[in-house]
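Structure first, commentary second.
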Amino acid sequence: GYSTCHWCHVMARESFENADIAGLLNRHFVAIKVDREERPDVDRVYMNYVQALTGHGGWPLSAFLTPELKPFYGGTYFPPEDRQGRTGFATVLRALADAWQKDRARLLLESDRAIQSLVQEKAAAAVPAPAGDPTRAIFDSASDAFERGFNAFHRSFDREHGGFGGAPKFPRASNLSFLLRCAALQGLATEAGREAVNLCGYTLQRMAGGGIHDQVGGGFHRYSVDAEWFLPHFEKMLYDQAQIAVNAIETWQATADERMAWLARDIFDYVLRDMTGEGGGFHSAEDADSDTADGGHGEGAFYVWTAAEIAAALPEPEARLVARHFGVREGGNVPADRDPFQEFTGKNVLAQTASLPETAAALGLSPQEASDRLVAALERLRAVRAARPRPQRDDKVVAAWNGLMISALARGAAAPAEALADRREFLRTAAVRAAEFLRRELWDEARGELHRSWLGTRGAAPGFAEDYACVIQGLLDLYEATFDVRWLQWADQLQTRMDERFFDEAGGGYFSSAAGAPDIIVRLKDDYDGAEPTASSVAAMNLFRLAVMLGEPEAGGAKGVRRSRALRTLEAFRARWSEYPHALPQMLCAVELALGAPRHLVLAGNPAAADFQALADAARQHLGPCRVLLAADGGPGQAWLAERAPWLAEMRPAGGRATAYVCDNYSCQAPMTEIEDLRRLLA
């Protein structure tokens with residue numbers, strides 16, 4: 001389980017803190033409690049087993065194993081005793097203990113069957129690498145996969161509430177990433193491009209207005225139990241903040257809609273205020289549950305309001321404005337059928353029930369006046385809420401999630417949006433501090449090893465494939481935001497180590513855990529981009545970017561090893577993403593780079609100079625085909641790059657002015673110094 005998981009808390013209170021159940025458990029079993037975020041490799045194996053056994057997964061997860069760690073039974077939440085058609089945990093424990101004594105052979109047979117099933121269904125087969133360059137096979141599958149993936153999301157799109165499918169709704173960021181890449185490929189002005197962007201923009205707008213968005217403190221809760229994004233499970237995860245922020249920035253690039261940039265700013269303000277440690281690393285999560293001022297405890301207690309609390313916190317005009325805009329009711333606004341445990345009786349979840357102009361008109365205010373008053377009221381509510389008992393925060397710093405957040409902050413620092421204009425340097429500094437923290441605290445230089453987590457000291461668990469992949473992605477984005485070559489150098493080093501530890505030389509793609517781990521019974525490769533993208537999806541994108549940045553024009557030979565590994569990763573999962581494109585939308589974003597010609601934008605000049613930054617801003621203004629951004633700074637950075645890509649050596653400012661070189665497939669346009677010329681070329 002996990003420290004911020006609501007149902008993990010429920011089962012802990014009901015069963016693990018129950019003396020009778022604890023006695024039963026300890027008498028017959030060796031009980032091991034695992035933090036799924038510290039050991040995702042352990043969780044991954046047994047979650048796959050339970051999903052295959054029961055048809056569903058989730059946490060808390062109980063897996064019953066032989067002493068050799070082979071599973072023979074499992075499930076998610078169990079009530080303490082039999083009730084409402086659900087088998088109780090005590091009943092399960094007694095039955096399994098009895099079977100272990102009387103029918104152990106059958107349980108051992110089930111454990112062997114389970115392992116074989118995992119090997120056959122999830123572990124990659126050790127088959128010979130495909131002969132030749134797999135680009136043609138990928139190309140042949142890609143067009144159909146993109147079309148089918150787009151159509152799948154288009155069909156499942158909720159036209160009323162945004163998002164895809166029905167309740168519960170998760171902010172699966174890779175869905176929007178894929179749709180935005182579809183728009184860039186088709187062209188933003190095409191019918192398909194406009195529709196793809198509309199799906200993303202409308203989804204983000206409805207999420208921003210819903211209870212899944214913390215209207216008072218910023219940031220997003222984990223998911224909504226309903227289709228309307230209204231009633232969330234209240235935990236907040238760092239990886240959600242990072243990925244939703246990137247979705248918002250890319251949607252701003254596609255639409256120039258400043259509301260999207262404000263949404264990204266809202267997330268950044270929350271993370272930098274409430275989720276950042278003194279050393280610069282980012283905390284993992286905040287709990288769904290918290291104490292109440294009267295000594296109680298419940299889910300969402302920190303976030304919900306009674307009408308009386310709103311009235312006491314604000315003067316009457318502002319209280320009426322907040323109540324009108326966010327649907328506050330005297331008896332509470334959570335429907336009884338969505339509150340089976342009566343935790344929200346009389347309470348209100350703040351969610352927009354009307355647009356700001358509609359609220360303003362209803363109260364006889366101008367939209368600007370209503371906006372100013374609402375901002376002031378929310379600041380007051382945040383100050384009042386700060387006096388409540390806060391939810392527990394998981395202060396653990398997880399490498400992968402910090403990599404995602406560094407990526408988001410770097411993208412925010414690079415975005416020339418009005419809403420971010422006074423935040424860009426702040427965001428850039430925060431991203432650099434976080435990267436320096438990871439280098440200092442989680443990177444073992446002597447052993448060439450990244451570690452998974454830090455909490456006052458480095459955790460024992462080594463970094464997993466997802467940690468390497470997400471940190472590398474963050475460093476590549478940080479380089480493009482700062483043009484400090486040390487981040488590109490470390491990304492290059494990490495990629496080499498990741499390939500050594502996790503790449504499947506026989507079958508392609510990346511195993512989640514390293515070879516030889518003594519407590520992992522089978523090495524798996526993730527094949528679903530869920531709340532977080534798979535390591536292979538992120539790694540494929542990183543490899544293509546590194547190949548272009550560091551000069552690997554050929555698919556074969558030593559200089560083409562990165563591109564070759566990226567292609568083999570896509571090929572390893574091609575049956576999956578071609579048949580079920582909605583399962584790997586983030587990997588399809590990497591497919592775009594496999595098929596397009598290498599694209600560079602090289603800016604020659606001093607990265608700190610205003611004319612250089614103006615050209616960089618012009619390049620970042622609009623969503624378009626993926627193109628790496630490099631700096632020919634005339635110093636050590638350019639020299640290091642030119643050792644790997646010699647053609648960069650001669651790129652210099654023209655006439656003493658910052659100069660842009662736009663290159664496709666290693667053929668460059670005439671250098672340009674005028675911002676409008678660059679904008680026209682990139683449009």
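Here are some notes:
- Shape call, the range 448-590: gyration tensor on alpha carbons, a/c limit 1.5: rounded
- Read-out volume of the Cα convex hull per residue in Å³, derived from the coordinates shown; its label in [x] 206; [y] 164; [z] 297: [y]
- Nonlocal amide H pairs with TYR73, under 5 Å, H built at 1.01 Å: PHE64
- Per-residue 3J(HN,Hα) values for the range 286-302, derived from phi via the Karplus relation 6.51 cos²θ - 1.76 cosθ + 1.60 with θ = phi - 60°, read 10, 5, 6, 9, 7, 6, 10, 4, 8, x, x, 7, x, 6, x, 4, 5 Hz in sequence order (x marks Gly and Pro).
- Accessible-area order (highest first, 1.4 angstrom probe) of the listed residues ASP527, ASP395: ASP395, ASP527
- FRET efficiency for ALA192 and VAL225, using Cβ-Cβ distance with R0 set to 30 Å, rounded to 0.05: 0.35
- Inter-site label distance for GLU160 and ALA362 at 7 Å from Cα along Cβ, in nm: 1.9 nm
- Taken along the Cα-to-beta-carbon direction at a fixed 7 Å, the label points for LEU96 and ALA383 span 5.3 nm.
- Amide H contacts under 5 Å for ALA632: LEU603, ALA604, GLY605, restricted to partners 5 or more places along the chain or on a different chain, H placed in the peptide plane at 1.01 Å from N.
- Reference-scaled alpha-carbon Rg (2.2 N^0.38 Å with N residues) for the range 387-471: 1.26
- Structural descriptor for the chain: relative contact order 12 percent, calculated from alpha carbon pairs under 8 angstrom and at least 6 residues apart.
- Here the chain has 51 percent of its accessible surface on carbon and sulfur atoms, given a 1.4 Å probe and all protein chains in place.
- Loop chymotrypsin sites (Phe, Trp or Tyr not before Pro), the range 1-85, which have at most 15 other Cβ atoms in a 10 Å radius of their Cβ (DSSP): PHE29
- Debye intensity ratio I(q)/I(0), log10, the range 284-341, q values 0.21, 0.22, 0.25, 0.31 Å⁻¹ (C-alpha model): -0.95, -1.00, -1.09, -1.21
- Restricting the calculation to Cα atoms, the range 552-683 yields a radius of gyration followed by a Dmax of 17.1, 54 Å.
- Dipole in debye (nearest 20) - the range 450-525, about Cα centre, beta carbon charges: Lys, Arg +1; Asp, Glu -1: 280 debye
- Cysteines, the chain, no other Cys beta-carbon under 4.7 Å: CYS182, CYS200, CYS470, CYS589, CYS626
- Selected from LEU404, PHE426, ALA376, residue furthest toward positive end of dipole (the range 373-427; charges at beta carbon): ALA376
- Helices in the chain, meaning DSSP H runs of at least 4 residues, each add -39500 (n - 2.57). Divided by all residues, the mean residue ellipticity at 222 nm is -16000 deg cm²/dmol.
- Mean projected area of the convex hull spanned by the Cα atoms of the range 331-401, taken over all viewing directions: 8.4 nm².
- In sequence order, calculated HN-Hα J values of the range 270-282 (Karplus, 6.51, -1.76, 1.60; Hz; x Gly/Pro): 4, 5, 6, 7, 10, 10, 10, x, 4, x, x, x, 9
- Using a Förster distance of 22 Å, the FRET efficiency for ASP337-HIS56 (Cβ separation, nearest 0.05): 0.50
- A cut-off of 5 Å between modelled amide H atoms, ignoring neighbours fewer than 5 places along the same chain, links ARG599 with VAL628, ASN665.
- Dimensionless Rg ratio for the range 218-315, taking C-alpha atoms and the 2.2 N^0.38 Å reference: 1.25
- A crude spin-label estimate for the pair ARG106 and GLU316, with each label 7 Å from Cα along the Cβ direction, gives 7.3 nm.
- Residues within the reach of a label modelled at ASP484 (point 7 angstrom out along Cα to beta-carbon, backbone nitrogen below 18 Å), restricted to the range 428-467, are 428-443.
- Projecting the Cα atoms of PRO168, ALA618, THR66 onto the dipole axis of the chain, where Lys and Arg carry +1 and Asp and Glu carry -1 at the beta carbon, places THR66 farthest toward the positive end.
The values are calculated or read from the model by the stated rules, or taken from the named source; none is laboratory data. Note that this is a predicted model, so its numbers are computed, not measured. Ideal geometry is used to build each Cβ from the backbone, glycine not excepted, and the neighbour counts take in all protein chains shown. All accessible areas refer to the heavy atoms of the entire protein, side chains included, with ligands and DNA or RNA removed. Shrake-Rupley method; radii C 1.70, N 1.55, O 1.52, S 1.80 Å.
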